[in-house]
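Contents: one structure, followed by commentary.
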Amino acid sequence: MTYWNERCECMSRDERTQLQSERLVKLVKRVYENVPHYRGKMDAIGVKPEDIKGVEDLTKLPFTLKTDIRDTYPFGMFATPMTDIVRIHASSGTTGKQTVVGYTKNDLEVWAECMARSLIGAGATADSMIQVSYGYGLFTGGLGAHYGVEKIGASVVPASSGNTARQITMLKDFGVDILCCTPSYALYLAEEIANAGIKKGELKLKAGVFGAEPWTEEMRTEIQDKLGIKAFDIYGLSEIMGPSVACDCEERHGMHVQEDHFIVEIINPDTGEVLPDGEKGEVVFTTITKEGFPLIRYRTRDISRIIPGDCPCGRTTRRLAKFQGRTDDMLIVRGVNVFPSQIESVLLEMGETAPHYEILVDRISNHDTMEVHVEMTPAFFSDSIKNLEITEKKISARLNSVLGISVKVVLVEPKSIERSEGKAKRVIDKRKLH
Ligand code: DLL
(Lines give C-alpha, C1' and ligand atoms only; values in the text may rest on other atoms or scores of the structure.)
Protein backbone atom coordinates (compact mmCIF):
# COMPACT_ATOMS: atom_id res chain seq x y z
CA MET A 1 0.00 0.00 0.00
CA THR A 2 1.18 3.51 -0.72
CA TYR A 3 0.08 6.54 1.22
CA TRP A 4 1.16 10.13 0.96
CA ASN A 5 0.90 10.74 4.70
CA GLU A 6 0.54 7.45 6.50
CA ARG A 7 0.48 9.03 9.93
CA CYS A 8 -2.55 11.19 9.18
CA GLU A 9 -4.37 8.78 6.87
CA CYS A 10 -4.01 5.69 9.03
CA MET A 11 -4.06 6.97 12.65
CA SER A 12 -6.37 5.18 15.07
CA ARG A 13 -9.94 6.43 15.29
CA ASP A 14 -9.43 7.46 18.91
CA GLU A 15 -6.34 9.45 18.10
CA ARG A 16 -8.16 11.18 15.26
CA THR A 17 -11.17 12.04 17.42
CA GLN A 18 -8.79 13.58 19.94
CA LEU A 19 -7.12 15.61 17.20
CA GLN A 20 -10.47 16.73 15.81
CA SER A 21 -11.60 17.81 19.26
CA GLU A 22 -8.52 19.92 19.86
CA ARG A 23 -8.83 21.53 16.44
CA LEU A 24 -12.57 22.15 16.82
CA VAL A 25 -12.14 23.95 20.15
CA LYS A 26 -9.56 26.28 18.59
CA LEU A 27 -11.69 26.82 15.49
CA VAL A 28 -14.77 27.84 17.44
CA LYS A 29 -12.78 30.33 19.49
CA ARG A 30 -11.21 31.73 16.32
CA VAL A 31 -14.46 32.25 14.44
CA TYR A 32 -16.24 33.64 17.52
CA GLU A 33 -13.53 36.26 17.88
CA ASN A 34 -12.99 37.07 14.22
CA VAL A 35 -16.26 36.58 12.34
CA PRO A 36 -19.08 38.85 13.58
CA HIS A 37 -21.63 36.78 11.65
CA TYR A 38 -20.71 33.63 13.60
CA ARG A 39 -20.55 35.52 16.87
CA GLY A 40 -24.08 36.76 16.19
CA LYS A 41 -25.34 33.28 15.33
CA MET A 42 -23.81 31.75 18.45
CA ASP A 43 -24.99 34.55 20.71
CA ALA A 44 -28.50 34.17 19.33
CA ILE A 45 -28.68 30.59 20.61
CA GLY A 46 -26.67 31.27 23.77
CA VAL A 47 -23.60 29.18 22.90
CA LYS A 48 -20.18 30.44 23.99
CA PRO A 49 -16.83 29.09 22.73
CA GLU A 50 -16.10 27.58 26.17
CA ASP A 51 -19.22 25.37 25.80
CA ILE A 52 -17.45 23.48 23.03
CA LYS A 53 -15.01 21.04 24.63
CA GLY A 54 -14.74 18.47 21.85
CA VAL A 55 -16.47 16.81 18.89
CA GLU A 56 -19.20 15.56 21.20
CA ASP A 57 -20.36 19.20 21.47
CA LEU A 58 -20.51 19.80 17.72
CA THR A 59 -24.30 19.56 17.61
CA LYS A 60 -24.57 22.53 19.97
CA LEU A 61 -23.29 24.71 17.14
CA PRO A 62 -25.58 26.22 14.49
CA PHE A 63 -25.53 25.11 10.87
CA THR A 64 -24.08 27.35 8.19
CA LEU A 65 -26.05 27.73 4.95
CA LYS A 66 -25.20 29.11 1.54
CA THR A 67 -27.45 32.06 2.46
CA ASP A 68 -25.07 32.95 5.33
CA ILE A 69 -22.30 33.29 2.76
CA ARG A 70 -24.55 35.26 0.41
CA ASP A 71 -25.65 37.62 3.19
CA THR A 72 -22.06 38.45 4.04
CA TYR A 73 -20.91 38.82 0.40
CA PRO A 74 -18.13 39.17 -0.56
CA PHE A 75 -15.69 38.81 2.34
CA GLY A 76 -17.83 39.00 5.48
CA MET A 77 -17.13 35.43 6.62
CA PHE A 78 -13.36 35.67 6.27
CA ALA A 79 -11.66 35.00 9.59
CA THR A 80 -8.26 36.57 8.89
CA PRO A 81 -7.27 40.08 7.82
CA MET A 82 -7.12 40.49 4.04
CA THR A 83 -3.34 40.77 4.21
CA ASP A 84 -3.19 37.06 5.08
CA ILE A 85 -5.43 36.02 2.18
CA VAL A 86 -3.36 34.94 -0.80
CA ARG A 87 -5.99 33.44 -3.13
CA ILE A 88 -9.66 33.97 -3.95
CA HIS A 89 -11.95 31.44 -5.62
CA ALA A 90 -15.67 31.68 -6.36
CA SER A 91 -18.58 29.53 -7.46
CA SER A 92 -22.17 30.17 -8.52
CA GLY A 93 -24.52 31.64 -6.00
CA THR A 94 -28.27 31.11 -6.11
CA THR A 95 -28.82 34.51 -7.71
CA GLY A 96 -26.57 37.16 -9.25
CA LYS A 97 -23.90 37.09 -6.56
CA GLN A 98 -21.12 34.51 -6.51
CA THR A 99 -20.04 32.56 -3.45
CA VAL A 100 -16.58 33.93 -2.69
CA VAL A 101 -13.94 32.11 -0.65
CA GLY A 102 -10.42 33.06 0.46
CA TYR A 103 -7.33 31.04 1.35
CA THR A 104 -4.26 31.84 3.45
CA LYS A 105 -0.83 30.41 2.59
CA ASN A 106 -1.40 27.67 5.11
CA ASP A 107 -4.85 26.86 3.64
CA LEU A 108 -3.25 26.36 0.23
CA GLU A 109 -0.62 24.15 1.87
CA VAL A 110 -3.35 21.97 3.44
CA TRP A 111 -5.24 21.82 0.15
CA ALA A 112 -2.13 20.68 -1.75
CA GLU A 113 -1.55 18.09 0.99
CA CYS A 114 -5.09 16.67 0.63
CA MET A 115 -4.79 16.67 -3.15
CA ALA A 116 -1.43 14.89 -2.86
CA ARG A 117 -3.08 12.18 -0.74
CA SER A 118 -5.81 11.79 -3.37
CA LEU A 119 -3.40 11.48 -6.29
CA ILE A 120 -1.18 8.97 -4.49
CA GLY A 121 -4.32 6.97 -3.63
CA ALA A 122 -5.08 6.89 -7.35
CA GLY A 123 -1.66 5.44 -8.08
CA ALA A 124 0.32 8.58 -8.98
CA THR A 125 4.05 8.71 -8.28
CA ALA A 126 6.77 11.35 -8.52
CA ASP A 127 7.39 10.03 -12.05
CA SER A 128 3.81 10.62 -13.22
CA MET A 129 2.85 13.02 -15.97
CA ILE A 130 -0.52 14.42 -14.91
CA GLN A 131 -2.79 16.38 -17.22
CA VAL A 132 -5.13 18.72 -15.37
CA SER A 133 -8.07 19.37 -17.67
CA TYR A 134 -10.30 20.95 -15.05
CA GLY A 135 -10.86 24.65 -15.74
CA TYR A 136 -8.26 26.99 -14.27
CA GLY A 137 -9.58 30.22 -12.80
CA LEU A 138 -12.14 31.05 -10.17
CA PHE A 139 -13.30 27.41 -10.31
CA THR A 140 -11.29 25.38 -7.82
CA GLY A 141 -10.74 22.32 -10.04
CA GLY A 142 -7.72 23.41 -12.09
CA LEU A 143 -5.54 25.14 -9.51
CA GLY A 144 -6.63 22.72 -6.78
CA ALA A 145 -5.42 19.65 -8.66
CA HIS A 146 -2.38 21.52 -9.99
CA TYR A 147 -0.70 22.16 -6.65
CA GLY A 148 -1.28 18.58 -5.52
CA VAL A 149 0.63 17.34 -8.55
CA GLU A 150 3.54 19.67 -7.83
CA LYS A 151 3.49 18.65 -4.17
CA ILE A 152 4.11 14.98 -4.97
CA GLY A 153 6.86 15.98 -7.38
CA ALA A 154 5.10 14.67 -10.49
CA SER A 155 4.94 16.73 -13.70
CA VAL A 156 1.81 18.76 -14.27
CA VAL A 157 0.37 19.59 -17.69
CA PRO A 158 -1.90 22.55 -16.87
CA ALA A 159 -4.16 21.99 -19.88
CA SER A 160 -7.30 23.60 -18.37
CA SER A 161 -10.57 22.84 -20.15
CA GLY A 162 -11.44 23.11 -23.84
CA ASN A 163 -9.58 22.54 -27.12
CA THR A 164 -10.13 18.80 -27.22
CA ALA A 165 -7.84 18.17 -30.20
CA ARG A 166 -4.92 19.73 -28.36
CA GLN A 167 -5.79 17.83 -25.17
CA ILE A 168 -5.55 14.55 -27.08
CA THR A 169 -2.26 15.51 -28.72
CA MET A 170 -0.76 16.26 -25.30
CA LEU A 171 -2.11 13.05 -23.77
CA LYS A 172 -0.39 11.10 -26.52
CA ASP A 173 2.80 13.05 -27.16
CA PHE A 174 3.64 13.79 -23.52
CA GLY A 175 2.94 10.23 -22.35
CA VAL A 176 0.39 11.38 -19.79
CA ASP A 177 -0.43 8.60 -17.30
CA ILE A 178 -3.01 10.36 -15.13
CA LEU A 179 -5.85 12.59 -16.27
CA CYS A 180 -7.86 14.93 -14.04
CA CYS A 181 -11.15 16.26 -15.45
CA THR A 182 -14.91 15.90 -15.11
CA PRO A 183 -16.24 12.38 -15.79
CA SER A 184 -18.40 13.65 -18.65
CA TYR A 185 -15.37 15.24 -20.29
CA ALA A 186 -13.43 12.00 -19.84
CA LEU A 187 -16.13 10.18 -21.79
CA TYR A 188 -16.12 12.84 -24.47
CA LEU A 189 -12.34 12.63 -24.73
CA ALA A 190 -12.58 8.84 -24.98
CA GLU A 191 -14.88 9.17 -27.97
CA GLU A 192 -12.76 11.77 -29.68
CA ILE A 193 -9.67 9.63 -29.11
CA ALA A 194 -11.45 6.73 -30.82
CA ASN A 195 -12.62 9.01 -33.64
CA ALA A 196 -9.05 10.15 -34.19
CA GLY A 197 -8.12 6.51 -34.78
CA ILE A 198 -5.86 6.36 -31.70
CA LYS A 199 -5.78 2.92 -30.07
CA LYS A 200 -5.84 2.47 -26.29
CA GLY A 201 -2.33 1.00 -26.39
CA GLU A 202 -0.90 4.15 -27.95
CA LEU A 203 -1.61 6.09 -24.77
CA LYS A 204 0.21 5.64 -21.46
CA LEU A 205 -2.91 6.65 -19.55
CA LYS A 206 -3.52 4.38 -16.55
CA ALA A 207 -5.83 6.35 -14.26
CA GLY A 208 -8.18 9.28 -14.07
CA VAL A 209 -9.25 11.39 -11.10
CA PHE A 210 -12.73 12.54 -11.96
CA GLY A 211 -15.20 14.71 -10.09
CA ALA A 212 -16.96 18.09 -9.84
CA GLU A 213 -20.25 16.54 -10.95
CA PRO A 214 -22.36 13.48 -10.12
CA TRP A 215 -21.65 10.26 -12.01
CA THR A 216 -22.72 6.66 -11.69
CA GLU A 217 -20.95 3.31 -11.38
CA GLU A 218 -22.17 2.58 -14.92
CA MET A 219 -20.39 5.67 -16.14
CA ARG A 220 -17.26 4.58 -14.28
CA THR A 221 -17.33 1.24 -16.09
CA GLU A 222 -17.83 2.93 -19.44
CA ILE A 223 -14.91 5.33 -18.92
CA GLN A 224 -12.67 2.50 -17.73
CA ASP A 225 -13.54 0.34 -20.73
CA LYS A 226 -13.23 3.05 -23.31
CA LEU A 227 -9.94 4.48 -22.04
CA GLY A 228 -8.49 1.29 -20.57
CA ILE A 229 -7.83 2.99 -17.22
CA LYS A 230 -8.91 2.96 -13.57
CA ALA A 231 -11.35 5.77 -12.80
CA PHE A 232 -11.28 7.38 -9.33
CA ASP A 233 -13.99 9.60 -7.88
CA ILE A 234 -12.96 12.85 -6.21
CA TYR A 235 -15.25 15.20 -4.32
CA GLY A 236 -15.01 18.72 -3.09
CA LEU A 237 -16.74 22.07 -3.07
CA SER A 238 -15.44 25.60 -3.17
CA GLU A 239 -16.96 26.54 0.18
CA ILE A 240 -15.01 23.81 1.98
CA MET A 241 -11.84 23.68 -0.08
CA GLY A 242 -12.20 22.46 -3.69
CA PRO A 243 -11.22 19.01 -5.00
CA SER A 244 -9.93 16.44 -2.47
CA VAL A 245 -12.19 16.97 0.51
CA ALA A 246 -12.76 13.26 -0.14
CA CYS A 247 -11.36 10.84 -2.75
CA ASP A 248 -11.42 7.17 -3.75
CA CYS A 249 -8.48 4.97 -2.81
CA GLU A 250 -7.30 1.97 -4.84
CA GLU A 251 -10.36 -0.01 -3.65
CA ARG A 252 -12.66 2.50 -5.36
CA HIS A 253 -15.39 1.75 -2.90
CA GLY A 254 -16.16 5.05 -1.19
CA MET A 255 -14.28 8.33 -0.95
CA HIS A 256 -12.08 8.78 2.12
CA VAL A 257 -12.79 12.10 3.84
CA GLN A 258 -9.66 13.97 4.99
CA GLU A 259 -10.92 13.80 8.54
CA ASP A 260 -7.95 15.49 10.17
CA HIS A 261 -9.06 18.63 8.34
CA PHE A 262 -12.82 18.20 7.97
CA ILE A 263 -15.40 16.79 10.34
CA VAL A 264 -18.17 15.11 8.36
CA GLU A 265 -21.75 14.60 9.55
CA ILE A 266 -24.77 13.16 7.76
CA ILE A 267 -28.04 14.79 8.75
CA ASN A 268 -31.71 14.40 8.07
CA PRO A 269 -32.26 17.44 5.80
CA ASP A 270 -35.75 18.03 7.17
CA THR A 271 -35.03 17.88 10.90
CA GLY A 272 -31.30 18.59 11.11
CA GLU A 273 -30.87 15.45 13.25
CA VAL A 274 -27.51 13.66 12.89
CA LEU A 275 -27.84 10.20 11.33
CA PRO A 276 -25.76 7.12 12.10
CA ASP A 277 -23.17 5.77 9.66
CA GLY A 278 -24.84 3.90 6.82
CA GLU A 279 -27.90 6.12 6.61
CA LYS A 280 -28.44 8.39 3.68
CA GLY A 281 -28.79 12.13 4.24
CA GLU A 282 -27.31 15.57 3.66
CA VAL A 283 -23.56 15.88 4.03
CA VAL A 284 -22.34 18.54 6.47
CA PHE A 285 -18.73 19.64 6.95
CA THR A 286 -16.83 21.60 9.57
CA THR A 287 -13.40 22.84 8.45
CA ILE A 288 -11.22 22.43 11.52
CA THR A 289 -7.92 23.71 10.17
CA LYS A 290 -8.93 26.40 7.71
CA GLU A 291 -7.79 29.94 8.51
CA GLY A 292 -9.10 32.23 5.78
CA PHE A 293 -12.64 30.98 5.36
CA PRO A 294 -13.52 28.44 8.03
CA LEU A 295 -17.04 27.06 8.13
CA ILE A 296 -18.94 25.42 10.97
CA ARG A 297 -21.43 22.68 10.10
CA TYR A 298 -21.80 23.77 6.48
CA ARG A 299 -24.83 22.18 4.83
CA THR A 300 -23.62 21.11 1.39
CA ARG A 301 -27.06 20.05 0.06
CA ASP A 302 -25.29 16.96 -1.34
CA ILE A 303 -26.80 13.59 -0.48
CA SER A 304 -24.68 10.60 0.43
CA ARG A 305 -24.01 8.19 3.29
CA ILE A 306 -20.99 7.00 5.24
CA ILE A 307 -19.98 3.47 4.31
CA PRO A 308 -19.76 1.63 7.63
CA GLY A 309 -16.70 -0.46 8.45
CA ASP A 310 -13.01 -0.38 7.66
CA CYS A 311 -11.49 -0.07 4.22
CA PRO A 312 -9.05 -2.81 3.19
CA CYS A 313 -6.65 -0.11 1.98
CA GLY A 314 -5.57 0.55 5.57
CA ARG A 315 -6.72 4.15 5.74
CA THR A 316 -8.83 4.70 8.82
CA THR A 317 -10.72 7.73 7.51
CA ARG A 318 -14.43 7.26 6.94
CA ARG A 319 -15.74 6.94 3.39
CA LEU A 320 -18.56 8.69 1.58
CA ALA A 321 -20.57 6.62 -0.89
CA LYS A 322 -21.12 7.90 -4.42
CA PHE A 323 -23.27 11.01 -4.28
CA GLN A 324 -26.97 10.47 -4.83
CA GLY A 325 -28.25 13.91 -5.71
CA ARG A 326 -28.92 17.13 -3.87
CA THR A 327 -31.59 18.48 -1.58
CA ASP A 328 -31.86 21.67 -3.65
CA ASP A 329 -32.36 22.27 -7.35
CA MET A 330 -28.76 23.05 -8.28
CA LEU A 331 -27.81 21.51 -11.62
CA ILE A 332 -24.30 20.73 -12.74
CA VAL A 333 -24.04 21.19 -16.48
CA ARG A 334 -20.68 20.47 -18.09
CA GLY A 335 -19.13 20.78 -14.64
CA VAL A 336 -20.62 24.23 -14.06
CA ASN A 337 -23.03 24.76 -11.18
CA VAL A 338 -26.30 26.33 -12.27
CA PHE A 339 -29.19 27.35 -10.08
CA PRO A 340 -32.57 27.70 -11.87
CA SER A 341 -33.01 30.88 -9.84
CA GLN A 342 -30.08 32.45 -11.71
CA ILE A 343 -31.89 31.82 -14.99
CA GLU A 344 -35.11 33.22 -13.61
CA SER A 345 -33.32 36.36 -12.41
CA VAL A 346 -31.93 36.99 -15.90
CA LEU A 347 -35.30 36.46 -17.60
CA LEU A 348 -37.15 38.73 -15.21
CA GLU A 349 -34.46 41.38 -15.24
CA MET A 350 -34.42 41.51 -19.05
CA GLY A 351 -38.20 41.75 -19.06
CA GLU A 352 -38.57 40.78 -22.72
CA THR A 353 -40.58 37.64 -22.10
CA ALA A 354 -43.44 36.34 -19.97
CA PRO A 355 -42.35 34.87 -16.60
CA HIS A 356 -43.12 31.30 -17.73
CA TYR A 357 -40.15 29.15 -18.55
CA GLU A 358 -38.81 25.62 -18.56
CA ILE A 359 -35.22 24.39 -18.42
CA LEU A 360 -34.42 21.26 -20.41
CA VAL A 361 -31.17 19.47 -19.70
CA ASP A 362 -29.97 16.44 -21.61
CA ARG A 363 -26.80 14.53 -22.39
CA ILE A 364 -26.27 13.92 -26.08
CA SER A 365 -23.14 12.02 -27.17
CA ASN A 366 -21.70 12.57 -23.67
CA HIS A 367 -22.20 16.31 -24.00
CA ASP A 368 -24.55 18.12 -21.64
CA THR A 369 -27.01 20.43 -23.35
CA MET A 370 -29.23 23.06 -21.80
CA GLU A 371 -32.20 24.77 -23.41
CA VAL A 372 -34.41 27.39 -21.87
CA HIS A 373 -37.92 27.58 -23.30
CA VAL A 374 -39.60 30.82 -22.39
CA GLU A 375 -42.94 32.25 -23.39
CA MET A 376 -43.20 35.43 -25.41
CA THR A 377 -45.55 38.08 -24.13
CA PRO A 378 -48.80 38.26 -26.17
CA ALA A 379 -47.78 41.73 -27.43
CA PHE A 380 -44.39 40.50 -28.62
CA PHE A 381 -46.03 37.50 -30.25
CA SER A 382 -48.37 39.59 -32.42
CA ASP A 383 -46.08 42.55 -33.10
CA SER A 384 -42.63 41.38 -33.65
CA ILE A 385 -42.42 37.78 -34.65
CA LYS A 386 -39.59 38.79 -36.99
CA ASN A 387 -37.48 39.72 -34.02
CA LEU A 388 -37.70 36.26 -32.57
CA GLU A 389 -34.21 35.18 -33.41
CA ILE A 390 -32.65 38.46 -32.32
CA THR A 391 -34.34 38.25 -28.92
CA GLU A 392 -33.41 34.60 -28.46
CA LYS A 393 -29.78 35.42 -29.19
CA LYS A 394 -29.83 38.39 -26.84
CA ILE A 395 -31.20 36.36 -23.92
CA SER A 396 -28.87 33.51 -24.71
CA ALA A 397 -25.84 35.83 -24.67
CA ARG A 398 -26.88 37.27 -21.31
CA LEU A 399 -27.40 33.78 -19.80
CA ASN A 400 -24.09 32.71 -21.24
CA SER A 401 -22.26 35.55 -19.52
CA VAL A 402 -24.04 35.08 -16.17
CA LEU A 403 -23.81 31.28 -16.00
CA GLY A 404 -20.53 30.74 -17.81
CA ILE A 405 -21.93 28.10 -20.16
CA SER A 406 -23.78 28.29 -23.46
CA VAL A 407 -27.54 27.96 -23.29
CA LYS A 408 -29.92 27.69 -26.19
CA VAL A 409 -32.96 29.93 -25.77
CA VAL A 410 -36.20 29.11 -27.56
CA LEU A 411 -39.09 31.57 -27.45
CA VAL A 412 -42.37 29.71 -27.40
CA GLU A 413 -45.98 30.81 -27.88
CA PRO A 414 -47.86 32.46 -25.03
CA LYS A 415 -49.57 29.93 -22.74
CA SER A 416 -47.76 26.94 -24.27
CA ILE A 417 -45.81 26.01 -21.12
CA GLU A 418 -47.85 23.90 -18.78
CA ARG A 419 -49.09 25.81 -15.74
CA SER A 420 -48.82 24.14 -12.40
CA GLU A 421 -51.20 24.30 -9.51
CA GLY A 422 -48.56 23.66 -6.93
CA LYS A 423 -44.82 24.03 -7.21
CA ALA A 424 -43.83 24.76 -10.78
CA LYS A 425 -41.69 22.06 -12.33
CA ARG A 426 -39.16 24.23 -14.07
CA VAL A 427 -36.44 21.71 -14.78
CA ILE A 428 -36.63 18.63 -16.96
CA ASP A 429 -33.36 16.77 -16.59
CA LYS A 430 -33.18 13.78 -18.88
CA ARG A 431 -29.65 12.75 -17.88
CA LYS A 432 -29.42 9.66 -15.73
CA LEU A 433 -26.93 10.67 -13.08
CA HIS A 434 -27.99 8.74 -10.01
O1 DLL B 1 -16.72 21.09 -8.16
C2 DLL B 1 -14.78 21.14 -6.73
C3 DLL B 1 -14.20 20.00 -7.47
C4 DLL B 1 -13.39 20.24 -8.55
C5 DLL B 1 -14.44 18.71 -7.04
C6 DLL B 1 -12.81 19.18 -9.23
C7 DLL B 1 -13.86 17.63 -7.70
C8 DLL B 1 -13.05 17.88 -8.80
P9 DLL B 1 -17.91 23.51 -6.87
O10 DLL B 1 -17.83 24.09 -8.23
O11 DLL B 1 -18.08 24.43 -5.71
O12 DLL B 1 -16.61 22.70 -6.54
O13 DLL B 1 -19.09 22.45 -6.89
C14 DLL B 1 -19.34 21.68 -5.77
O15 DLL B 1 -20.17 19.85 -7.12
O16 DLL B 1 -21.46 20.41 -3.85
C17 DLL B 1 -21.40 18.62 -5.55
O18 DLL B 1 -22.77 18.91 -5.76
C19 DLL B 1 -20.69 18.56 -6.89
N20 DLL B 1 -19.60 17.58 -6.88
C21 DLL B 1 -18.28 17.82 -6.74
N22 DLL B 1 -17.59 16.64 -6.80
C23 DLL B 1 -18.52 15.65 -6.96
C24 DLL B 1 -18.45 14.22 -7.08
C25 DLL B 1 -16.12 21.62 -7.24
N26 DLL B 1 -17.31 13.56 -7.07
C27 DLL B 1 -20.48 20.72 -6.03
N28 DLL B 1 -19.63 13.56 -7.18
C29 DLL B 1 -20.71 19.79 -4.86
C30 DLL B 1 -20.81 14.20 -7.19
C31 DLL B 1 -19.79 16.25 -6.98
N32 DLL B 1 -20.92 15.54 -7.11
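The values are calculated or read from the model by the stated rules, or taken from the named source; none is laboratory data. Since this is a predicted model, take the numbers as computed values, not measurements. Here the Cβ positions follow ideal geometry from the backbone for every residue, glycine too, while neighbour counts run over all protein chains shown. These area figures cover heavy atoms from the full protein model, side chains too; ligands, DNA and RNA do not enter into them. Shrake-Rupley method; radii C 1.70, N 1.55, O 1.52, S 1.80 Å.
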Virtual spin-label span in nm between R7 and I405, 7 Å along Cα→Cβ:
4.2 nm
Return a single number: how many Lys pairs in segment 331-429, at a sequence separation of 8 or more or on separate chains, have alpha-carbon atoms below 26 angstrom apart.
13
nm² value of the averaged projected area, convex hull over the Cα atoms of segment 161-223
4.1 nm²
Contour minus end-to-end for T67 and E279, with contour as 0.36 nm per residue of separation and end-to-end as the Cα-Cα distance?
73.7 nm
Dipole of segment 267-318, Cα-centred, from +1 at each Lys and Arg C-beta and -1 at each Asp and Glu C-beta, to the nearest 20 debye?
160 debye
Kirkwood Rh in Å, taken over all unlike Cα pairs in the chain
23.0 Å
Among Q131, Y147, T164, flag the residue with its Cα farthest along the positive direction of the charge dipole of segment 124-197, charges on Cβ as +1 for Lys/Arg and -1 for Asp/Glu.
Y147
Suppose the chain between A196 and K53 were pulled fully straight at 0.36 nm per residue; how much longer would it get relative to their current alpha carbon spacing?
45.5 nm
Looking only at lysines whose Cα falls under 24 Å of K105's and that sit 8 or more positions away or on another chain, we get K26, K29, K151, K290
Accessible area of the chain divided out per residue, in Å², using a probe of 1.4 angstrom
43 Å²
Gap in Å between the Cα centre of segment 246-277 and the Cα centre of segment 355-434?
36 Å
Taking Rh as the Kirkwood radius computed over C-alpha pairs, what is the Stokes-Einstein D of segment 354-434 at 4 °C in a medium of viscosity 1.567 mPa s, expressed in µm² per second?
94 µm²/s
Report the residue, chosen from I395, I45, I223, that carries the largest GNM mean-square fluctuation when the chain is represented by alpha-carbon nodes joined by springs under 10 Å.
I45
Trypsin sites (Lys or Arg not before Pro), restricted to segment 374-434: which are DSSP loop and have at most 10 other Cβ atoms within 10 Å?
R419, K423, K425, K430, K432
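Rounded to the nearest 0.05, what FRET efficiency do Q324 and E33 have when you use their Cβ-Cβ distance and R0 = 56 Å?
Computed FRET efficiency for Q324 and E33: 0.90.
Sort 370-376, 189-195, 12-18 by packing, meaning the average of other beta carbons within 10 Å per residue, with the highest value first.
Going from most to least packed, we get 370-376, 189-195, 12-18.
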Of the heavy-atom accessible surface of the chain (probe 1.4 angstrom), what whole percent is carbon and sulfur?
51 percent
Length-normalised contact order of the chain, Cα under 8 Å, at least 6 apart, in percent, tallies to 14 percent
